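The values are calculated or read from the model by the stated rules, or taken from the named source; none is laboratory data. A quick note: this is a predicted structure, and the numbers were derived from the prediction, not measured. Please note: Cβ atoms are built from the backbone with ideal geometry, for glycine as well, and neighbour counts cover all protein chains shown. In case anyone asks, the SASA skips ligands and DNA or RNA and just uses the protein heavy atoms, side chains included. Shrake-Rupley method; radii C 1.70, N 1.55, O 1.52, S 1.80 Å.
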Amino acid sequence: MTAIRVSNENAELEAGLDVAVIGAGPAGLGCALALQACGVQRMAIFDRSEVGASFARWPRQMRLITPSFHSNPFRQPDLNAITPKTSPADFLHGEHPTGREYALYLKAVATHYGLPVREGTGVEEIKTSRAGFDVITSNGVVRARNVIWAAGEFSRPDHGGIKGAHHCRHNGEVADWRLLRGGEYTIIGGYESGIDAAVNLAWLGKNVKVLSRGEPWHVSSPDPSVALSPYTIDRLKAARLEAPGSIHFYKNADISEVTRQRGRWRVHDRAGGVYESETAPILCTGFHTALLPVRHLFQEAEGQLIFSEEADESTLTPGLFYSGPSLVHRGSSFCFIYKFRSRFGVVARAIAQRLGLRWETALRPWQDHGFMLEDLSCCVDCQCAVAATEEREVPPVAEYETLKVREVPAHV
Ligand SMILES: Cc1cc2nc3c(=O)[nH]c(=O)nc-3n(C[C@H](O)[C@H](O)[C@H](O)COP(=O)(O)OP(=O)(O)OC[C@H]3O[C@@H](n4cnc5c(N)ncnc54)[C@H](O)[C@@H]3O)c2cc1C
């Protein structure tokens, strides 16, 4: 694959970079644009695949749950925009882009702003050095004074600790729901991805069972990182009313293992119960943190990585920043684009300051449009002034117990 911009590229890399950005998704590109505005010249964005690769690999039918709307001129940028002045709604003419469409938006932004993206260059390791960092890429070692890790979560499916997960299919590995054969499906996991899978399969006429430990479809929270999004709830209602297939929910399903016997799949729970599935269960068990490969370079407390509140920097390794959905401040997750983009300006400012660059005027649009959030009180105060109504339609749910076909001793 070719880089989007090739200008003095090799000379820049040999001389060392001021900033190496790892990952050309919304986080990496968004930070790079803010840095570019500050006048950072010696910068490269490395992506082992291509711009927007994670989105391009989403199941064909999957759409962003966060809505797009071109409200930017009123200083309320499109929720899925990565710069103050662009809007996926305006570019794509739609409210909930598919992954492929959103990847097109990212590519258009990278090309329009001439970002120095080096596609097809994976970063294998980051080592600290006297001058900053040695970035070990698939095309050689690059020195950099600062690194922004923005490598995303999508390429690291989490199989939820389920033994025999290789007998299943993770939803992140489904290219197109239409390609799945069979009429009955079992989904393990009932959050956004699980409901998305169930809705898509129901519209294809399949009968779906959603097994979940808790009842995420019943969670009511003002924080969209915790409860199902309004878009998902609407789609679920429509599918249950009109789709040719069916969706049934089962709670208290603590699945520990999946085995395969005589062409059928057996789903085992921790209590020793077994339930049989006609098709390979679909794991909607999430993704591992984006920081897995650089975890050792961050301080950790109670299993949670620590980021500086000033600039989302490692408190252990100065010069190493993180941008993306694994960001957490004050116990609050920045898992959506509109959340983590709010820190693009603070990361860019910290780096610009250290490079001796003026950032005040350059970052004004980021500051004015909510891309430079410094007051982190939003992390602990997300209550809506008006309490949520009690009147809401919730799908009927059965106990997982009722699904088991037979009990077997725990040791079998
Ligand atoms: C199924 C799913 C649905 C989601 N839906 C929404 C939504 O509707 N709205 C929303 O706001 N957020 C959503 N999110 C959150 C989503 O993860 C982020 O919004 C977005 O993808 C994160 O951006 P990113 O740039 O951090 O990561 P990514 O978009 O994953 O980009 C990371 C890039 O890094 C590259 N890369 C990875 N490892 C390396 C390496 N070692 N070396 C070089 N390059 C590397 C990849 O090729 C990729 O291009 C969803 C997430 C998932 C998993």
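Starting from the Cα of K237, draw a straight line to each of the lysines and keep only those under 25 Å, dropping any in the same chain fewer than 8 residues away.
K206, K209, K251
Can you work out the FRET efficiency for the pair Q41 and E360, with r the C-beta to C-beta distance and R0 = 22 Å, to the nearest 0.05?
Efficiency, from the Cβ-Cβ distance: 0.75.
Would you compute, for the Cα atoms of region 32-144, the largest minus smallest coordinate along each principal axis and list the three values in descending order, in whole Å?
Principal axes ranked by extent give 46, 34, 20 Å for the Cα atoms.
Apply the a/c threshold of 1.5 to the C-alpha gyration tensor of region 217-307 and tell me whether it is rounded, prolate or oblate.
oblate
Taking K and R as +1 and D and E as -1, what net charge do the other residues with C-beta under 12 Å from the C-beta of L357 add up to?
Net charge in that neighbourhood comes out at +2.
Using the Kirkwood radius over C-alpha pairs as Rh, can you work out the diffusion coefficient of region 80-224 via Stokes-Einstein at 20 °C, viscosity 1.002 mPa s, in µm² per second?
Answer, rounded: 111 µm²/s.
Working with all protein chains in place, sort E153, E124 by solvent-accessible area computed with a 1.4 Å probe, largest first.
Ranked from most to least accessible, the order is E124, E153.
To two decimal places, what compactness ratio does region 316-364 give when its Cα radius of gyration is scaled by 2.2 N^0.38 Å?
Its radius of gyration relative to the 2.2 N^0.38 Å reference: 1.26.
Tell me the Kirkwood radius of region 21-98: reciprocal of the mean inverse pair distance over distinct alpha-carbon atoms, in Å.
Final number for the Kirkwood radius of region 21-98 is 13.7 Å.
Which residue fluctuates the most in the chain, going by a Gaussian network model with Cα springs under 10 Å, if the choices are S342, S155, S193?
Of S342, S155, S193, the Gaussian network model singles out S155 as fluctuating most.
What share of Cα pairs, in percent, lie more than 21 angstrom apart in region 115-183?
Distances greater than 21 Å cover 51 percent of the Cα pairs.
Enter the per residue convex hull volume of region 141-288, computed from alpha-carbon coordinates, in Å³ rounded to the nearest integer.
153
Treating cross-link reach as a plain straight distance, find the lysines whose alpha-carbon is under 23 Å from the alpha-carbon of K85, omitting any fewer than eight places away in the same chain.
Partners found: K107, K339.
Which value at 222 nm does the chain reach when only helices count, each DSSP H run of 4 or more adding -39,500 (n - 2.57), with the total divided by all residues and rounded to the nearest 500 deg cm²/dmol?
-6000 deg cm²/dmol
Rounded to the nearest 20 debye, what is the charge dipole size of region 234-344 about its Cα centre when +1 sits on each Lys and Arg Cβ and -1 on each Asp and Glu Cβ?
In debye, rounded to 20, region 234-344 gives about 480.
Region 234-374: percent of C-alpha pairs farther apart than 25 Å?
54
Please compute the Cα-Cα pair-distance distribution of region 259-321 with 5 Å bins starting at 0, giving whole percents from short to long.
For region 259-321, the pair-distance distribution reads 4, 14, 17, 13, 7, 6, 9, 10, 10, 8, 2, 0.
Can you compute the radius of gyration and Dmax for the chain, using only the Cα atoms, both in Å?
Spelled out, the Cα radius of gyration and Dmax of the chain are 22.6, 69 Å.
For T111, T361, T317, T289, give the ranking by accessible area with the largest first, probe 1.4 Å.
Sorted by accessible area, descending: T361, T111, T289, T317.
How far apart, in nm, are two points set 7 Å out from the Cα along the Cα-to-Cβ line at E309 and at R130?
Each label point is offset 7 Å from its Cα along the Cβ direction, giving 3.7 nm.
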